[in-house]
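Report on one structure; see the data block that follows.
Computed from the coordinates by the stated procedures, all read-outs in this text should not be read as laboratory data. These numbers come from a predicted model, not from an experiment. Neighbour counts run over all protein chains shown; Cβ positions are idealised from the backbone, glycine included.
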Amino acid sequence: NAGVTQTPKFQVLKTGQSMTLQCAQDMNHEYMSWYRQDPGMGLRLIHYSVGAGITDQGEVPNGYNVSRSTTEDFPLRLLSAAPSQTSVYFCASSERKGLEQFFGPGTRLTVL
Amino acid sequence: GESVGLHLPTLSVQEGDNSIINCAYSNSASDYFIWYKQESGKGPQFIIDIRSNMDKRQGQRVTVLLNKTVKHLSLQIAATQPGDSAVYFCAENMGTNAGKSTFGDGTTLTVKP
C-alpha cells in the first residue's frame, strides 16, 4: 500500500490565485482530514470527511473548500490564496473517525 | 475553548537515558488520546494510544500514562536513541464518534550522542 499520498510537495502561489491540493489513500479508510501546520505549532483541523459525499468543517475552514466524491480522494481547494495561508498542509486518514490517523508527507505552500 | 498543551516545548536528553514528555488537557470529556512523532520534513506518525478507561499502556520502548484526576498525559521513552529525535504531539479525541482530534503544540526532543 502507498498509504496517504499528497501532491504537490511544494507550491508557490500569488495572492488571489486558486489551486487544489490533492490527497489520496489506498487503505479504504472512511475518515479523511486536512490540517495545516504553522511554524512551531501543532496541527489545526481545516475540514474532514466521514465518508464519500460527507464533509464537515474543522477549526479553521475559512478560505478552503473540500469535496469527497470517492472513498480514496479528498482534495482541498484554495479559492483565492492569501499570504495567511502560507503553511504546511497535511492530509490524514483513519479507518473510521476517532481512531489513530495516518498522515501524508505534506504540501509546503507559500503565498506571495 | 478546549485545548491540549504540552508542558515544555523542548527537551534534550543524553543517548541511553529515559525521556519523559508531558501533556496537559483541559476537556474532561476526552476519552481517547494519541501520541504522534513527527520527524523533520515528514508527516506525524502514530506511536501509541490510550483510552480513558486505562491508566497505563506499554509499547515497544514507549509507555503512556494517563492521570484523569489532573488531566495529564505523559509519554515515556526508554533508552532514548538518536532516531527518537523529533517533535512529539499529543492529541485528544472526544469520543470515537467525535471525528475531530485536537493537537497540542508539540515538544521537540533532541537526543545527544
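Here are some notes:
- Mean Cα-pair separation over length for chain B, i.e. relative contact order, pairs under 8 Å, 6 or more apart, %: 38
- Distance-filtered residues of the stretch A:1-28 - backbone nitrogen under 12 Å, label point 7 angstrom along A:Arg108 Cα→Cβ: A:9-12
- Only Cα sites of the protein assembly as shown enter the Debye sum here, all with the same form factor; the resulting log10 I(q)/I(0) across q = 0.08, 0.12, 0.16, 0.18 1/Å is -0.29, -0.64, -1.10, -1.32, listed in q order.
- A protection proxy built from the mean count of other Cβ atoms within 10 Å ranks the segments B:8-20, A:62-74, A:93-105, most packed first, as A:93-105, A:62-74, B:8-20.
- Checking the Cα-Cα distances for B:Lys42/B:Lys112; B:Lys37/B:Lys71; A:Lys14/B:Lys42; A:Lys9/B:Lys112 against a 23 Å cut-off, the pairs over it are A:Lys14/B:Lys42; A:Lys9/B:Lys112.
- Gap separating the Cα centres of the stretch B:7-35 and the stretch A:81-106, nearest whole Å: 21
- B:Ala79-B:Arg51 FRET efficiency (beta carbon distance; Förster radius 25 Å; 0.05 resolution): 0.40
- About its Cα centre, the dipole of chain B is roughly 160 debye, where the only charges are +1 on Lys and Arg Cβ and -1 on Asp and Glu Cβ.
- Candidate cross-link partners of B:Lys68 among the lysines, defined by an alpha-carbon separation under 21 Å and a same-chain spacing of 8 or more, comprise B:Lys56, B:Lys100.
- Total charge dipole magnitude, the protein assembly as shown, about the Cα centre, Cβ charges on Lys, Arg, Asp, Glu only, Debye to nearest 20: 240
- B:Ile47, A:Ile54, A:Ile46 arranged by Cβ crowding within 10 Å, fewest neighbours leading: A:Ile54, B:Ile47, A:Ile46
- Only Lys, Arg (+1) and Asp, Glu (-1) charged, at Cβ; the stretch A:13-112 dipole about Cα centre in debye: 360
- Average beta-carbon neighbours from other chains, 10 Å sphere, peptide B:29-42: 2
- Averaged over the residues of A:31-42, the number of partner chain Cβ atoms lying within 10 Å of the residue Cβ comes to 3.
- Farthest positive-ward along the protein assembly as shown dipole, Cα basis, beta-carbon charges - from A:Asn65, B:Ser74, B:Val87: A:Asn65
- Distance from the Cα centroid of the stretch B:53-79 to that of the stretch A:33-53 is 25 Å (rounded to whole angstrom).
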